[in-house]
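Enquirer: Attaching a single structure in structure tokens format; questions to follow.
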Amino acid sequence: MDKDETPELTYALIQRAVHGDKAALEMILRHFDAYINAVSTVEKTLPSGETIEEVDEDIKIQIQTHLVEVIQKKWRELI
């Protein structure tokens, strides 16, 4: 699979992630990466007065960490 390609979110992939497969967890994070980037994007005003949008890496890491925790705890109850 190409690194830029979004992996398909399948039941088998979720099962592997729930049981601690690191590669499966990374694939799920990659699947949701565009969405996570969108919700962690913030507007910043530069000293010149120009406004830009950029991904707040701290927010992104918090979302990714929470997703991994949910996969390993909550999803386990469902599978």
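Enquirer: What pairs come out if I take residues in region 27-40 that are farther than 14 Å from residue 57 by Cβ and free of Cβ contacts under 8 Å to residues at least 60 places away in the same chain and pair them with residues that are of a type outside the set (A, V, I, L, M, F, W, C) and surrounded by fewer than 14 Cβ atoms within 10 Å (Cβ to Cβ) whose C-beta lies under 7 Å away, six or more apart or interchain?
Expert: Matching pairs, first to second residue: 30/6; 31/6.
Enquirer: Sticking with this one: Within region 32-41, is there a residue that is under 11 Å from the mean Cα position of the chain (by Cα) and β-branched (Val, Ile, Thr)?
Expert: Yes.
Enquirer: Please go through (1) touching a strand residue (DSSP E or B) at 6+ places or on another chain (Cβ under 8 Å); (2) under 26 Å from residue 72 (Cα atoms) for residue 29 and return the number of the only condition it doesn't satisfy.
Expert: Only one criterion in (1) touching a strand residue (DSSP E or B) at 6+ places or on another chain (Cβ under 8 Å); (2) under 26 Å from residue 72 (Cα atoms) is unmet by residue 29, namely (1).
Enquirer: Let me ask you something else. Looking at this structure, is residue 18 in contact with a Phe, Trp or Tyr (Cβ under 7 Å, 6 or more places away or on another chain) and closer than 28 Å to residue 74 by Cβ?
Expert: Spelling it out, residue 18 is indeed in contact with a Phe, Trp or Tyr (Cβ under 7 Å, 6 or more places away or on another chain) and closer than 28 Å to residue 74 by Cβ.
Enquirer: Now for a separate question. Residues that are assigned to a loop (DSSP other than H, G, I, E, B), free of Cβ contacts under 8 Å to residues at least 60 places away in the same chain and β-branched (Val, Ile, Thr): does region 1-16 have at least one?
Expert: For region 1-16, residues assigned to a loop (DSSP other than H, G, I, E, B), free of Cβ contacts under 8 Å to residues at least 60 places away in the same chain and β-branched (Val, Ile, Thr): present.
Enquirer: I'm trying to understand the selection: among the residues of region 61-79, which are among the polar types (S, T, N, Q) and either farther than 21 Å from residue 9 by Cβ or open to solvent by 50 Å² or more (accessible area, probe 1.4 Å) (or both)?
Expert: 62, 65, 72, listed by residue number.
Enquirer: Out of all the residues in region 42-60, which are more than 22 Å from residue 13 (Cβ to Cβ) and either charged (D, E, K, R) or under 16 Å from the mean Cα position of the chain (by Cα) (or both)? Steps first, answer last, please.
Expert: Step one: filter region 42-60 for residues more than 22 Å from residue 13 (Cβ to Cβ), giving 42-59.
43, 44, 50, 53, 54, 55, 56, 57, 58, 59 - these are the residues of region 42-60 that are more than 22 Å from residue 13 (Cβ to Cβ) and either charged (D, E, K, R) or under 16 Å from the mean Cα position of the chain (by Cα) (or both).
The values are calculated or read from the model by the stated rules, or taken from the named source; none is laboratory data. Quick caveat, the model's predicted, so the values are computed rather than measured. Positions of Cβ are backbone-derived with ideal geometry, glycine not excepted, and every protein chain shown enters the neighbour counts. Just the protein is used for accessible areas: all its heavy atoms, side chains included, with ligands, DNA and RNA removed. Shrake-Rupley method; radii C 1.70, N 1.55, O 1.52, S 1.80 Å.
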